[in-house]
Amino acid sequence: MIDLFGRQDPALEEAPNGAWTYLRVAVERGLDKGGKDSGLTYRSRTPVEIGRRVEVPLGRGDKPAPGIVVEAGGAELLGSFDARRVKAILRDTGAGLPPNLVELAVWMSGYYICPLGMVLSSMLPAAVKKRTGLRTVVHLQRVDPAAERTVLEAHKLPKQTSQTWERVVEIKPADFPLTADDLTTRIGARTLGPVNRLIRLGLLREVESEDVRQTGGVETQLSIEQIEPGGTAQPTRHELTEGQHGIVEGITPTLGQFAVHLVRGVTGSGKTEVYLQVLDRVLQRGRTALVLVPEISLTPQTAGRFVERFRSAGVGVLHSGLSASQRHREWARAASGASRVVVGARSAVFAPLANLGLIVVDEEHASDYKQDQLPRYHGRDVAIKRAQMEGCAVILGSATPSLESWSNAIVSTSRERSERSTDGRTTPVASIAARRSKYALWELPDRVGGGRLPKVDIIDLAEERKTRQQSGARDSHLHLIGPTLEKAIGETLHAGGQILLLLNRRGHATYIACPDSTCGWFLTCDDCDAKMVQHRVIAGHTPPKGVVRCHHCLAQRLLPSNCPICDKKLITLGFGTQGAEQELNAKFAEALGEHGLLRVDGDTMGSAKDYFAALSRFARGEIKVLLGTQMIAKGLDFPNVRLVGVLNADSALSLPDFRASERTFQLVSQVAGRAGRGTLSGRVIVQTCDPLAPAIRHAAAHDFVTFAREELATRREAGLPPLTRMARIVCRDADLHKADAAAGRLKAALTAANTARGNHARILGPAPCPISRIAGQHRLEILLSSATRSAIQDILADARAQGLCKSDAHTAIDVDPIALM
Ligand SMILES: [Zn+2]
Ligand SMILES: [Zn+2]
């Protein structure tokens, strides 16, 4: 029966073999619920595999909507649903995810409170969905011998065709399939004509395959030589030190099962070589491997080492510098098994590798692994979950592990210390801790090749200013570079060394205020609860005094000259990287010359390409001083860096975030680790207004263990992660009353769920966020914390089931948050 619109009544339509395939499809847009149940039910004439991306009719108008098949089966999927009302899918889009990633998505959707369709959608790169660069390639293949005989018996070949055929037969069977062009060349023909005749006769057949063409983007096949001309600092495969060897041998027996290893190695201790050797063994066992690195340290230097080492096994690199078609190609190569090692940033954790044997998360402490939009997942934690689901080993590596990972790798600080003192150099706690803690701990306390960790001097900026005043300096300006650092920069430049300078603030001046203390006015953004920052350059031209910009909503306007309250001339205070650049150019004009200094921050580096180019120029020695934000703190390894300066170590310390101290420790340690990587020893100067801060003192002493012990004790006392688990919900609205009401309702629902489940969680708020307004949106937060992960998950799931706890434009749910601003 055909209805008025020409559609067949589904109830009467017949499936080919009498049975329909029923599918549960998670539509990419919205529809919040956890688990596979959140999928909508459709049917299909032909079987469709789990993970396929299909188009389904949605809503009243049956608009085509993309979604991923999360379950497939027979009538059992219908439940109480009327089979006659189930619609058929519209088409298979040709793209899809392997079933193992669908399982991972189901977990993420539940854990991170994000709609399943949205999680699945974010796993699949846009280029794969759009099938960018895909083309169909036709190859020619010989038909099977029986068919060949039939053709030859039935036809008497004309002389010329017969000669063509003889040449085709001479080609080794293993060389097929060949493209028509290649075959034409091989048989010495000038046109495609002879080959086409053989196809028409049925002696050759066409086989179609899909191939992804790559165009544009940054070259991925970079080698170390390209960034370090004149040879490499290290040979491609070097002898392992005793410490490295012990770790490789210790990890190897756990390959083939789920296990988490934390490798804490000081900067320059050769962690990468450990990864490479374990990867070798994984590949030898016929399995594949995934290496995650922070986006910013996915430099040609890092990627090049992996590419070079595993070229023969097939290696893919995923980073933001790829063009869409390159990204599609890299994805397709991993899915087809052509790449057996994938190196990439956060989202590479979803690489479609099969038979995974190892996941390496390098610089596991890096905040880049946390995604700050939906789904708000942590790449490291998802990697561990994926490894658990697929039964493979994980190596987390860092010189300054996150306290989350560290506390999983140690049992208690007291036991750990006693074992340290009785054991030797390497892996002092591994054998014992491995039996009692969640992660196995391995340590590399020394630099490879006998290199020493650099000497770090802490310089008190207040003292430096006094010295400058006493010495009768005439200018009243505040200097960012104190006399000690200034002297060291001069000496290093004179000796031909290179310098890295860290200042974790962009812009020229970070504080614009009225000089009159009774007035007290300072410039804030109209739409945000934040100060505006002076910038000197906008798109190539420089207004006399520059502009002010809000780093939160990106609003920009001209720098006002007078106070709007008392009309006094405004002053600018606090240095950003632009201010430091100006000061350096003024102080070292002669030594630096025109191109001696390069500023590396979010304003000067528009793309990965710019960043790679800057590093490459620094490696070649064209640039003497790199001044930058944390972009320069990670992973760089340049032997001629003899001085590292931290211009203001406390810029992060004062943030109202319980991880401020940990971040400062990491930043100072990481940047200090860039010094003295070659044969010459390095020096590090840390300028601070807070020289007694534990984060700075311990970083200067290269003492992670003491820092971690003290910081963990503080966190334990305050009931903060990693000793507790946390979730943060931010309610935002342009209307403060609406935000307040929404937060109130949510708090009531969460409190009721907590009470019903035995009050295992603490619920704080609603209270204004530290930045109480961004881009005109008021922000209120609710914080959940508990000793167990499940308590928080249960409460959130209860509220979610009532439809109250939804990730949308007004509500941001962040499980295991790492930023609390
Ligand atoms: Zn703003
Ligand atoms: Zn004023």
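Observations
- The listed peptides 593-601, 21-29, ordered by packing as a protection proxy, come out as 21-29, 593-601 (highest mean of other Cβ atoms within 10 Å first).
- Highest mean packing first, where packing is the average number of other Cβ atoms within 10 Å per residue, the peptides 283-293, 688-698 line up as 283-293, 688-698.
- Estimated purely from DSSP H runs of n ≥ 4, each contributing -39500 (n - 2.57), the mean residue ellipticity at 222 nm for the chain is -10000 deg cm²/dmol once divided by its residues.
- Protein accessible area in the stretch 271-336, 1.4 Å probe - carbon and sulfur %: 44 percent
- Mean accessible surface per residue for the chain, computed with a 1.4 Å probe while every protein chain stays in place, in Å²: 45 Å²
- Accessible area of the stretch 715-821 belonging to carbon and sulfur atoms, whole % at 1.4 Å probe: 54 percent
- Whole-Å distance, taken between Cα centres, linking the stretch 601-615 and the stretch 246-318: 26 Å
- Each DSSP beta bridge with both residues in the chain is either parallel or antiparallel, and the antiparallel ones are about 55%.
- Peptides ranked, highest mean first, by Cβ atoms within 10 Å: ranges 612-621, 550-559: 612-621, 550-559
- Across the stretch 657-671, rounded Karplus estimates of 3J(HN,Hα) from the backbone phi angles (6.51 cos²θ - 1.76 cosθ + 1.60, θ = phi - 60°) give 9, 5, 8, 4, 5, 4, 5, 5, 4, 4, 5, 5, 4, 5, 6 Hz, Gly and Pro being marked x.
- Reciprocal of mean inverse Cα separation for the chain (Kirkwood radius, Å): 30.4 Å
The values are calculated or read from the model by the stated rules, or taken from the named source; none is laboratory data. Keep in mind that this is a model prediction, so the values were computed, not measured. Note that each Cβ is placed from the backbone with ideal geometry, even for glycine, and that neighbours are counted across all protein chains shown. These area figures cover heavy atoms from the full protein model, side chains too; ligands, DNA and RNA do not enter into them. Shrake-Rupley method; radii C 1.70, N 1.55, O 1.52, S 1.80 Å.
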